[in-house]
Amino acid sequence: MASFIARLRAPVIVALGVCAHAALRPLACGQDPGPDPRALRVVVWNLRNFPGGHDRPHLRDRLEQLDPSVLALQEVLDPSALPELLPGFRWHASAAGGRNGQHLVIGWDPERVDVEQLIEHEALAMGGRVRPALSGHVEPHGSGADFHLVVVHLKATRSGHAVRREQWPRLASVVEDRVRTDGDVLVVGDFNVAGGPQHSADDELDALRHALAPTGLHLWETTGGCTAYWDGSRRDRWWEPSRLDLVWSAGLAHLPEQRHRAWSGAHCAHHACAPFSASEHHPDPDLHGISDHCPIVIDLPLGDHDP
């Protein structure tokens, strides 16, 4: 487990105790407000080398509770194992997955959305060393604005900082092409903003903002502040929160500014992004049974069309 957790070193600022106030809306604590029939739900999740020892019934239950219209997945070793999780979904996996075969996947409910123009962007794979990007054009049935979805999984670990910086302009080029085509773009995934040997995670995020600014991308807030956990520098079974998974958008002019917010579920919500103790002998069912990363949920309001 340590091999894939060791990269999770981006710090997160946690507001402890805020979820104790019952007057707060569930979203304020990173808890699922429940499926909204007026929204198109996109769920982003790094599944930690699925299906390697996962508790598949528990993962299936989690996905059914989240009720996504679109899934954007990372670290899928065997895409053929996905259909059992959400029967009826359609799936498209990247052909490449870097040296460790970690494919990106877009899945969707064909009764609610169409996803077309699926493209694998090899430029981000750095000659096959790491993962490509994967994009598709999402069009809701009946109502709602269509948009391009871009899924990424950038180079991991603090030692991979230099490679990630090389990937940024390549991602910017992909986004600029999508913006010229449609104008509405959602970019999601594991950006691994862990910092580098001489850079903090905050430094890296600031540099990433600057690199992507010319594309018009806007970084969304993640309610709760964390998106993953790592096992801490002391390795004493205390798991520390981290923010590695990000949501960005360009265009989406129909979306009010206050709706530019995603929330993180599973163990991020359960523990309110605070450190917690767990081990393989006393496991957290989401952390140990599914992934160190949490599902990131985006609700895009329906009922609005592109002008």
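Given R₀ = 45 Å, FRET efficiency for Trp238-Ala123 by Cβ-Cβ distance, to 0.05? Before the final figure, lay out the partial values.
Values: r = 39 Å, r/R0 = 0.87.
That pair, Trp238 with Ala123, gives E of 0.70.
Run lengths n ≥ 4 of DSSP H only: what is the helix-derived mean residue ellipticity at 222 nm for the chain, with -39500 (n - 2.57) per run over all residues, to the nearest 500? Numbers along the way, then the final one.
Working: 6 runs with 58 residues, N = 307.
Result for the chain: -5500 deg cm²/dmol, rounded to the nearest 500.
Sort the following peptides by mean Cβ neighbour count (other Cβ atoms within 10 Å, averaged over residues), highest first: 266-273, 126-133. Walk me through the intermediate numbers first.
Values: 266-273: 24.5, 126-133: 18.9.
Ranking, from highest mean packing down: 266-273, 126-133.
Please give, to one decimal in nm, the separation of the simple spin-label points placed at Glu111 and Asp203, each 7 Å out from Cα toward the Cβ.
5.2
Counting only DSSP beta bridges with both residues in the range 131-237, what percent are antiparallel, rounded to the nearest 5? Spell out each step's value before the answer.
On the way: 6 of 12 bridges.
Rounded to the nearest five, the antiparallel share is 50 percent.
Ranked highest first by the average count of other Cβ atoms within 10 Å around their residues, in what order do 229-235, 275-281 fall? Please list the in-between numbers first.
Numbers: 229-235: 15.7, 275-281: 12.1.
The packing order, highest mean first, is 229-235, 275-281.
So for the range 155-307, considering every pair of alpha-carbon atoms, how many percent are separated by more than 18 Å? Intermediate results must be reported in sequence, preceding the final value.
On the way: 7265 of 11628 pairs.
Of the Cα pairs, 62 percent sit more than 18 Å apart.
Give me the distance in nm between label points sitting 7 Å out from Cα along the Cα-to-Cβ direction at Asn100 and Ser80, one decimal.
So the label points at Asn100 and Ser80 sit 2.3 nm apart.
What whole number of Å gives the distance from the Cα centroid of the range 193-217 to the Cα centroid of the range 149-170?
Between the Cα centre of the range 149-170 and that of the range 193-217, the gap is 10 Å.
So, for the chain, what is the accessible surface per residue at a probe of 1.4 Å, expressed in square angstrom?
On a per-residue basis, the chain sits at 42 Å².
Match the structure shown to one of the listed values (i) 29; (ii) 46; (iii) 38 of percent of Cα pairs over 29 Å apart, computed from it, and give that label.
(i)
Against the empirical 2.2 N^0.38 Å scaling, what ratio does the C-alpha Rg of the range 217-307 come to?
Values: Rg = 16.0 Å, N = 91, 2.2 N^0.38 = 12.2 Å.
Expressed relative to 2.2 N^0.38 Å, the Cα Rg reads 1.31.
To check you understand DSSP bridge types, tell me what percent of the beta bridges within the chain (both residues inside) are antiparallel, rounded to 5. Can you show the working numbers first?
Details: 44 of 59 bridges.
So the antiparallel bridges in the chain amount to around 75 percent.
Where the accessible area of the chain is counted over protein heavy atoms with a 1.4 Å probe, how much of it, in %, is carbon and sulfur? Don't skip to the end; give the middle numbers.
Details: 6320 of 12850 Å².
Carbon and sulfur together cover 49 percent of it.
The values are calculated or read from the model by the stated rules, or taken from the named source; none is laboratory data. From a predicted model like this one, the values you see are computed outputs, not experimental measurements. Because the Cβ atoms are built from the backbone with ideal geometry, glycine has one as well, and the counts that use them run over all protein chains shown. Side chains included, ligands, DNA and RNA excluded: accessible areas come from the protein's heavy atoms. Shrake-Rupley method; radii C 1.70, N 1.55, O 1.52, S 1.80 Å.
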